[in-house]
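Below is one structure; the comments refer to it alone.
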Amino acid sequence: MPQPAPLAVTVAPAQVREDWCTVCKAFTRLTGSLALLTAAGVSTVGTWAWCSVCDDPDDQEVTRG
C-alpha cells in the first residue's frame with residue numbers, strides 16, 4: 001500500500017488588530033484570523049486573541065486563599 005505524500009501546512013496569524021479586553025477594561029487585546037497555508041491555497045480556519053495584560057505569564061496575579 002503506497003504511503004500518502006507528506007502534508008506541508010503552515011498556520012499563520014492574519015489581519016491582526018487591537019481590540020477591547022473585557023477583563024482588564026482596556027485596548028490591550030490583540031485579535032486576528034488564523035490562516036492555513038497549504039499547496040492548495042489559503043484558508044481561514046479560526047480566530048485567536050491575546051491580551052498583553054491578562055495573558056502575560058510573567059505578570060499574573062497570585063491568588064490567595
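Quick rundown of the values:
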| read-out | value |
| --- | --- |
| Order by protection proxy (mean Cβ within 10 Å, highest first), peptides 45-52, 30-37, 9-16 | 30-37, 45-52, 9-16 |
| Cut-off 9 Å between beta-carbons: net charge of the residues surrounding PHE27, Lys and Arg +1, Asp and Glu -1 | -1 |
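None of the figures in this text is laboratory data; all of them are computed from the coordinates on show. Given the structure is predicted, the values throughout are model-derived calculations rather than measurements. No Cβ is skipped: glycine too gets one built from the backbone with ideal geometry, and neighbour counts run over all protein chains shown.
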